[in-house]
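Notes follow the structure.
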Amino acid sequence: MIVFEDVTKIYDPNVVGLQDFSCHIAKGEFVFLVGPSGSGKSTLIKLITRELRPDKGRILVAGRNLETLKDSKVPLLRRNIGCVFQDFKLLPNKTVYENVAYALEVVGEPRRSIRRKVPEILSLVGLADKMDSYPHEISGGEQQRVSVARAFVNHPPLLLADEPTGNIDPETAIGIMQLLVRINRTGTTVLVATHDREMVNRMRRRVLQLENGRLVRDERRGGYDHPGEANGEEA
Amino acid sequence: MRLGFFLSEALGSMRRNWVMAMAAIVTVFISMAILGAVLVTRDNLNRGITSLKNRVLIEVFIKDEVNADPQQLQELERKIQAIPEVKSYRDISEEEALQRFRERFGDRIVDNLPINPLPASFEIRVKDADQVDRVARLFFDDPRVDNDPGTHNGVKYARETVRKMLGTINLVGWVMWGATIIFGIAAVLLISTTVRLSIFARRREVEIMRLVGATNWFIRWPFVLEGFITGIVGAVLAALFVWLGNWALARWIEGSSIDFLHLRVYDLWWQGGAWPAGLLPTLVVIGGVLGAAGSAVALRRYLRA
């Protein structure tokens, strides 16, 4: 699904975003991306959606080579990637329903199927009764679920989440994470960048750890920390 | 293209950001009103110039003895007829000359005159004001013309006036073109600045649209439509405003002492001439195109891949 080959991204003037990064994420995997702030997690995600282009190396996403992908095809790439962000990125002047519907309008989905799919996905994330609310009228956790619904309403083969639980309380965070797991079970590849140590340790999924833009660990059923320096808090 | 969706997006965003929308409409209104005023002024000036040019005439006064002799008079008339630059001419009899004098200076003076001192004359109009001088010269040394010895005072025409008038007319024409261009550029800048401000306020929206995979044109359409609507609304208001102003001014001048200006009301819808479209079609087309293009251009920096 995602292939990075020796990818380097340097920001001006001399800040390393990502350094000689290689990895392979298979279809249907659930992967955590961990590391301190500034270690390159967001850079990695932006490279996948081609908000950024690498200085060196090759990136393949769903069989597309991002280097040779035409600018005009970038929207098509993004329609195959659902994105969830720490700050939700909802349109403030659209209702919950309209926010989710927008992702379908963009793809040219017929009105009738929009009217069917949006309530369906909203009840899946447990927001069937908040359809006509505006983002500022609902809680952070609810906003994040709207954002997950929007990311998944197209059933994209790939879902990226950048600190999805960063702005919400731990209780609610579990709900969001369970949602992502359920999405993963439908066959969607899920990549989650996170700081949430407890979450990563509890889930025991593949972990990619970044430090200063370099991949320092790739563990199949890992915890947040290196096995050697594990601090014993694991559940 | 899903016009319904884009239209409702555009209208919805105008309703939500109505302060910005109003500001943009007012900007378009001001720019278009200035442009419309220039248009109307230029049109009226052109007409004034044409009517002034037509009024330039040459008066050729006839010696009394020539006037008394039908054959000599006819020869003079034939000479006038033979000049190709002459558009029309009229003979003014002594009586008619006196009548005109009476109209201009009142009965009292005329009634006190023992005889009619005024000579008969021909009034000649030329096809183009530029030709006045050349035609007038043809009569300078004509023996039938009532010249005082050694002068050409039997031929009267506004020589200096014509020259100055032509110079002024040309200058005014250039100034008007200059004004049209400058105000046109000002309108473009004002509109594009306003649009850029309103898009800057919504750059997050654009970012999210891109994020969910909207194509550039999908993002652009509502903004372009919004600019288009803004441009049209502003232009319609401006057209009505300028037209009403023009109409009121024309009415006022008609009733005042400077009515020789013959101010004309520029047609709102349609009129003839070099620029056949009336105020409304002209300004609406310009406003709509400027608004739409302004939006598209202002969006460009946010739509780079």
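Each value in this text was obtained by applying a stated rule to the coordinates, not by laboratory testing. Computed from a prediction, not measured in an experiment: that's the story for all the values here. A quick note on method: Cβ atoms are made from the backbone with ideal geometry, for glycine too, and the neighbour counts reach across all protein chains shown.
From Cα coordinates alone, what are the radius of gyration and Dmax values for the stretch B:57-157 in angstrom?
14.2, 42
How crowded by other chains is A:98-105, given as the mean number of beta carbons from other chains within 10 Å of each beta carbon? Let's see the in-between values first.
On the way: counts 1, 2, 1, 0, 5, 6, 1, 7.
Mean number of neighbouring Cβ atoms from other chains: 3.
Any idea what Rg and Dmax come out to for chain A if you just take the C-alpha atoms, in Å?
Over chain A's Cα set, Rg and Dmax evaluate to 17.8, 55 Å.
Sort the stretch A:115-199 into rounded, prolate or oblate with this rule: let a ≥ b ≥ c be the square roots of the eigenvalues of the Cα gyration tensor; rounded if a/c is under 1.5, and if a/c is not under 1.5, prolate when a/b is larger than b/c, oblate otherwise. Let's see the in-between values first.
Values: a/c = 2.05, a/b = 1.14, b/c = 1.79.
Oblate is the answer for the stretch A:115-199, as a/c is 1.5 or above yet b/c matches or exceeds a/b.
Once the Cα atoms of helix B:3-16 and of chain B are each reduced to a long axis, what angle between those two axes, in degrees from 0 to 90 to the nearest 10, is obtained?
It works out to around 90 degrees.
Need one value for B:205-211: mean number of C-beta atoms belonging to other chains within 10 Å of its residues' C-beta atoms.
6
Taking chain A as the reference, fit the longest principal axis to its C-alpha atoms, fit the long axis of helix A:140-152 to the helix C-alpha atoms, and give the angle between the two in degrees, 0 to 90, nearest 10.
90 degrees
For every helix of n ≥ 4 consecutive DSSP H residues, a contribution of -39,500 (n - 2.57) applies; sum these over the protein assembly as shown, divide by its total residues, and give [θ] at 222 nm rounded to the nearest 500 deg cm²/dmol. List each step's numbers first, then the result.
Values: 18 runs with 280 residues, N = 540.
After summing the helix terms and dividing by residue count, I get -17000 deg cm²/dmol.
Between helix B:70-82 and chain B, what is the angle of the helix's C-alpha long axis to the longest principal axis, kept within 0 to 90° and rounded to the nearest 10?
Around 30 degrees separate the two axes.
What percentage of all Cα-Cα pairs in the protein assembly as shown are separated by more than 33 Å?
On the way: 90149 of 145530 pairs.
Of all Cα-Cα distances in the protein assembly as shown, 62 percent exceed 33 Å.
Quick check: pseudo-label points 7 Å beyond the Cα along Cα→Cβ at residue B:85 and residue B:253, how many nm apart are they?
The answer from the label model is 3.0 nm.
Quickly rank B:238-249, A:126-137 as a protection proxy: mean count of other C-beta atoms within 10 Å, highest first. Intermediate results must be reported in sequence, preceding the final value.
Numbers: B:238-249: 18.4, A:126-137: 14.8.
Highest mean packing first, the order is B:238-249, A:126-137.
Rank-order B:130-140, A:108-118 by packing density, defined as the average count of other C-beta atoms within 10 Å over each peptide's residues, highest first.
Details: B:130-140: 17.3, A:108-118: 14.1.
The densest-packed peptide leads the list: B:130-140, A:108-118.
Once phi is turned into θ = phi - 60°, what whole-Hz ³J(HN,Hα) does the Karplus curve with 6.51, -1.76 and 1.60 give for every residue of the stretch B:102-112, x standing for Gly and Pro?
4, 5, 7, 10, x, 5, 4, 4, 5, 5, 8
With the cut-off at 1.5 for a/c, could you classify chain B from its C-alpha gyration tensor as rounded, prolate or oblate? List each step's numbers first, then the result.
Working: a/c = 4.62, a/b = 3.39, b/c = 1.36.
Prolate is the answer for chain B, as a/c is 1.5 or above and a/b outweighs b/c.
Treat each spin label as a single point 7 Å out from the Cα along the C-beta direction, and report the residue B:30 to residue B:105 distance in nm.
It works out to 5.6 nm between the two label points.
Counting other C-beta atoms within 10 Å, and keeping those with at most 16, which DSSP coil trypsin sites (Lys or Arg not before Pro) do you find in the stretch B:77-133?
Values: sites: B:78, B:79, B:87, B:90, B:100, B:102, B:104, B:108, B:125, B:127; in loops: B:127.
The qualifying sites are B:127.
Does the stretch A:90-155 come out rounded, prolate or oblate by the C-alpha gyration tensor, with a ≥ b ≥ c the root eigenvalues, rounded set by a/c under 1.5 and, if not, prolate when a/b is larger than b/c and oblate if not? Let's see the in-between values first.
Values: a/c = 1.77, a/b = 1.52, b/c = 1.16.
It comes out prolate by the Cα gyration axes.
Using a 10 angstrom cutoff on alpha carbons, build the Gaussian network for chain B and name the most mobile of B:120, B:24, B:82.
B:82
Can you give the mean number of other chain Cβ atoms that lie within 10 Å of the Cβ atoms in peptide B:197-204? Before the final figure, lay out the partial values.
On the way: counts 0, 0, 0, 0, 0, 2, 0, 4.
Mean inter-chain Cβ contacts per residue within 10 Å come to 1.
Between residue A:197 and residue A:132, what is 0.36 nm times their sequence separation minus the Cα-Cα distance? Round to one decimal in nm. Walk me through the intermediate numbers first.
Details: separation 65, 0.36 × 65 = 23.40 nm, distance 3.49 nm.
Net length gain for the segment: 19.9 nm.
Would you mind checking B:63/B:164; A:46/A:130; A:9/A:70 for any pair whose Cα atoms are more than 24 angstrom apart? Write down the numbers at each step before the final one.
Working: B:63/B:164 31 Å; A:46/A:130 31 Å; A:9/A:70 20 Å.
Going by Cα-Cα distance, B:63/B:164; A:46/A:130 fall outside the 24 Å limit.
Which aspartates and glutamates have a Cα less than 20 Å from the Cα of residue A:94, not counting those fewer than 8 places away in the same chain?
Here the aspartates and glutamates satisfying the reach criterion relative to residue A:94 are A:105, A:109, A:120, A:129, A:132, A:137, A:142, B:9, B:205, B:207, B:226.
Assuming 0.36 nm per residue, please report the length gained on full extension of the stretch residue B:116 to residue B:151 beyond their Cα-Cα distance. The partial results should precede the final answer.
Values: separation 35, 0.36 × 35 = 12.60 nm, distance 2.31 nm.
Difference between extended and current length: 10.3 nm.
For a Förster distance of 51 Å, can you work out the FRET efficiency between the beta-carbons of residue A:219 and residue B:8, rounded to the nearest 0.05?
Details: r = 50 Å, r/R0 = 0.98.
That gives a FRET efficiency of 0.55.
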